[in-house]
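Shown next, in structure tokens, is the structure this report addresses.
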């Protein structure tokens, strides 16, 4: 019986393909999708508006200008001389100021719900993995009930509410 050995040629380091960073790969894939980029700009914009609301808003959101109710957009207040870019409501509050400050509430609720969901999910996963057995089965059945309720509300196989 004869055996033949294969000769493997070892390439120099310059000939090897360059190893890419995982972050670089994700950024390249993300930057190919225009809708993803537009969504990123909108989310970052809302976040920045919520952070810098006191500097952006022309007036406090609860400041009332008596006698300036239902002012038209781009109108100027007779009392303060301030321009109401989006107009005022029925009691004279500036819509733009209220909208800018409302972004703070929206971002706080969004971040809070994501953080709470991650904490609860991680806690349930750790407890389920640590104890295993019957505890794992009970936790999984409870999660299956939540999933089933979601399907009942939004439809079978629905990925979007």
**Request:** Say whether the condition of being in contact with a strand residue (DSSP E or B) (Cβ under 9 Å, 6 or more places away or on another chain) and surrounded by 11 or more Cβ atoms within 10 Å (Cβ to Cβ) is met by at least one residue in the range 32-54.
**Result:** no
**Unmet requirement for residue 26, which otherwise passes all of (1) surrounded by 14 or more Cβ atoms within 10 Å (Cβ to Cβ); (2) out of contact with any helix residue (DSSP H, G or I) (no Cβ under 9 Å at 6 or more places or on another chain)** = (1)
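Would you pick out the residues in the range 103-124 that are surrounded by 14 or more Cβ atoms within 10 Å (Cβ to Cβ) and either assigned to a strand (DSSP E or B) or free of Cβ contacts under 8 Å to residues at least 24 places away in the same chain (or both)?
Filtering the range 103-124 for residues surrounded by 14 or more Cβ atoms within 10 Å (Cβ to Cβ) gives 103-104, 107, 110, 124.
Result: 110, 124.
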**Asked** residue 90 versus (1) assigned to a helix (DSSP H, G or I); (2) modelled with pLDDT of 90 or more: which is the lone unmet condition?
**Response** (1)
**Asked** For the range 61-87, which residues satisfy the criterion of being outside any loop (DSSP other than H, G, I, E, B) and out of contact with any helix residue (DSSP H, G or I) (no Cβ under 9 Å at 6 or more places or on another chain)?
**Response** 75, 76, 83
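The values are calculated or read from the model by the stated rules, or taken from the named source; none is laboratory data. Since the structure is predicted, the reported quantities are computational estimates derived from the model, not experimental observations. Heads up, the Cβs are rebuilt from the backbone with ideal geometry, glycines too, and the neighbour counts pull from every protein chain shown.
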